[in-house]
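In what follows, a single structure is set out as structure tokens and then discussed.
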Amino acid sequence: MNTDKDFSPLTPNIVRALNDKLYEKRKVAALEIEKLVREFVAQNNAAQIRHVIQILATEFALSQHPHSRKGGLIGLAACSIALGKDSGLYLKELIDPVLTCFNDSDSRLRYYACEALYNIVKVARGAVLPHFNVLFDGLSKLAADPDPNVKSGSELLDRLLKDIVTESNKFDLVAFVPLLRERIYSNNQYARQFIISWIHVLESVPDINLLDYLPEFLDGLFQILGDSSKEIRRMCEVVLGEFLKEIKKNPSSVKFAEMANILVVHSYDLIQFTSMTWMREFIQLAGRVVLPYSSGILTAVLPCLSYDDRKKSTKEAASACNHSLMKLVTPEDDEDDEESQTKSSPPSDGTPSKKEGNTSYKISTRSLICSVLCSSDRSAVTLDLDGIVQVLDRHLHDSSTGMMTRIAVLKWLYHLYIKTPRKVSIDGILNMQCSSTQIVYAAILKLEYLSQVILKDLEVLAEIASSPAGQTDASGSCDNSDSKTELHIPGGVRDGTFDLTGSKVTDLSPSTPSMNSYFYKFMINLLKRFSLERKLLEMRGAFIIRQLCLLLHAENIFHSMADILLKEEDLKFASTMVQTLNTILLTSAELFQLRNQLKDLRTQESCALFCCLYRSWCHNPVATVSLCFLTQNYRHAYDLIQKFGDLEVTVDFLMEVDKLVQLIESPIFTYLRLQLLDVEHNPYLIKALYGLLMLLPQSQAFQLLSHRLSCVPNPELMRTVEDPKAPVKDKRLAQPHIDYSELLQHFDRVQSKHLEVRHQRAGRSEHPDRKL
């Protein structure tokens, strides 16, 4: 430095001491500067004070010589001490050169700069707040300084500045938030620690409402929460916990909508539990405000539901989120925009409601808060139905989806069909290439082998089968009022009658009672799936059909399946399916009422059902006989058994006869065994049973049936003489609704087809190279 330059009012001795490499000499110079500035303060000579500060800043603190910079820093600190409470008038001139030295490559110089700024801030106290942003920016850099001495000095300065902010009510939060939003994305751990500590301090100050600006830096907080440092994560968790407490206390001032997507984005890895906890509280506090973000929330929540016990807390939080979000979907979401606006508009006459005048009517605090949050924007809050359906569809098609997630998806589909039966299809048709209903329908037909998943699958399918969405065509025509009919559905699923107007004729079987078009489509697809996946039929077929009989009317299930099987080209599958259905019909407790309906055949409807079942049951001769036993058509059963001599008797056939004998000994056929006592009026029952006995080889079933028949009283009464003039003995012959001769002819035709197919199959096995 040129010492011949005029630095007045600084004396040459002061200038030399400031440039000296020894700290002690620079300190002596600082004391002289302090004394000089005090004199100027006493004289109220502001011009000279500024001149001294300017010389120290430009000629020393910003000098190229390191010792001169150190001297300038200690000199600026001395000026601040001398100025005392008046230092606030010169803070910019004092602070700026010191902050510039924070970027110096010399760690000792950075330390002296930190020390000088500490002295300046200590003297000025609250007067430094207008310069808080530049101080914060400088400190955030020193917090990540590699030198431990510099870092230690910055921590002292940091604590001092926090004390000043805490005790002051003039902090400019609006000006600070943009800087906070920028600095919070630092990847340096020390800088992150510094940021978190400041947020914690500001959040604890009563006069500073940091919650209003939380959306500005919440994303950064969650990024810090994923830091590899356990200490930093702990600090961040504490801060987020404090914010969450504040949100619960003051939900009316929280900008839920602006933060919902932030939580969705950060619902992964280390921060998942915290984001799920926040999401749960947001849904419960904000209510329908979060509905537009429901597809994103579900994307984050659903995978967590399949977590094991290692992530039990996250799983429980996600489950609570899922449950709370589902409750937000109400029948109001099925209304058109015009309808919802009409309902949400207040009465024109201003008449208060009855509840307003009832002093006993109380509203919970949370309900009141939610009503305040949602009332003003309720008409603007819409359910993202298409987005939800796409998320659910994606999870159903993903083979890696866990069981609990899959069950939750199915519950959502069921809930949507319950609450929004119209919009599920309408929105899908308008906004997607194929309707949401069709996507859902195709997806959930991919049944799993797990019972819980199947049960939920079937609940959804039952709801689709009884949904109004499937009871009209695309045009929604309702001109023909005569086409209304009653759909038999248990009250637990859906009550009342439904208008089936407009259902496409091709969707319904001509012989099946009029039903929802989706119902018949489902029956076709279910049987098709059983045909393609015999393991599913073997392992879960009976379970699925029994559950469907509980969810929907058993008569409709059997009527439609029988009608579809009548047209089945794979005769072997048709026989197997009939055998399965027959076993369910005869043994399942769920079909008690249907068995009673068939047992007497007292009505035209029951006779029509019997004929429909009979025509398909003909694919399996033994099942046909058991159906006749169930319906007490003993003469026809005897006629059928007489035809068994013309059939190809195989081992499988004899095993089915064996099972029928076992069934006759079961409680289902108690009435049949009791009818053996009335030999005179049930001769064909006894003849049919003897026919079965003659079919059986000498086996355990033969012994069982033989022993049963030996208990029939007075065998002589079994003899009957055919006399056209004799009165009808068998009460089944008096049934005017059934043409039994035509049924026998149908049985012959079906069995002829089976015989032809068996011979073809045998021919192919003998000649592998032969192609049909």
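The values are calculated or read from the model by the stated rules, or taken from the named source; none is laboratory data. Just so you know, these numbers come straight off a predicted model, no measurement behind them. All Cβ positions, glycine included, derive from the backbone under ideal geometry; neighbour counts span all protein chains shown. Protein only, heavy atoms only, side chains kept; ligands, DNA and RNA dropped before computing areas. Shrake-Rupley method; radii C 1.70, N 1.55, O 1.52, S 1.80 Å.
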Given a Förster radius of 35 Å and the C-beta distance between Ser229 and Asn261 as r, what FRET efficiency does 1/(1 + (r/R0)^6) yield to the nearest 0.05? 0.85
Across the stretch 107-166, what fraction of all alpha-carbon pairs, as a whole percent, falls in each successive 5 Å bin from zero upward? 4, 21, 34, 25, 12, 4, 0
Starting from the Cα-Cα distance between Ser105 and Thr650, subtract it from 0.36 nm times their residue separation and give me the gain in nm to one decimal. 186.4 nm
What's the extension gain from Lys248 to Asn209 if we count 0.36 nm per residue and subtract their Cα-Cα distance? 12.6 nm
Dividing the alpha-carbon radius of gyration of the stretch 1-165 by 2.2 N^0.38 Å (N being the number of residues), what value is obtained? 0.97
Can you tell me the FRET efficiency between Arg708 and Thr382 if r is taken as the Cβ-Cβ distance and R0 is 56 Å, rounded to the nearest 0.05? 0.25
How many angstrom lie between the Cα centre of the stretch 599-628 and the Cα centre of the stretch 176-205? 79
When Lys and Arg each count +1 and Asp and Glu each count -1, what net charge do the other residues less than 15 Å away from Ala17, Cβ to Cβ, add up to? +3
Per-residue HN-Hα couplings for the stretch 213-226, Karplus 6.51 cos²θ - 1.76 cosθ + 1.60 at θ = phi - 60°, whole Hz, x for Gly and Pro? 10, 4, x, 6, 10, 5, 4, x, 4, 5, 5, 5, 4, x
Can you send over the carbon and sulfur percentage of the accessible area for the stretch 1-165, probe radius 1.4 Å, protein chains only? 51
Please work out the FRET efficiency for the pair Gln604 and Lys528, using the Cβ-Cβ distance as r and a Förster radius of 45 Å; give the result to the nearest 0.05. 0.90
Which entries in the list Lys643/Lys753; Lys528/Lys753; Lys521/Lys599 go over 25 Å, if you measure between the two C-alpha atoms of each? Lys521/Lys599
Per the C-alpha gyration tensor (a ≥ b ≥ c, the square roots of its eigenvalues), the stretch 559-666 is rounded if a/c is under 1.5, else prolate if a/b beats b/c, else oblate; here it's rounded
Asp145: net charge of surrounding residues, Cβ under 9 Å, Lys/Arg +1, Asp/Glu -1, itself excluded? +2
Convert each backbone phi in the stretch 15-28 into a coupling constant with the Karplus relation 6.51 cos²θ - 1.76 cosθ + 1.60 (shift: θ = phi - 60°), then list the ³J(HN,Hα) values in order as whole Hz, x for Gly and Pro. 4, 5, 5, 5, 8, 6, 7, 7, 5, 5, 5, 5, 5, 4
Once amide H atoms are placed 1.01 Å from N in the peptide plane, what residues at a sequence separation of 5 or more from Val712, or on another chain, have their amide H within under 5 Å of its amide H? none
Multiply the residue separation of Gln675 and Asp6 by 0.36 nm, subtract the distance between their alpha-carbon atoms, and state the gained length in nm to one decimal. 227.4 nm
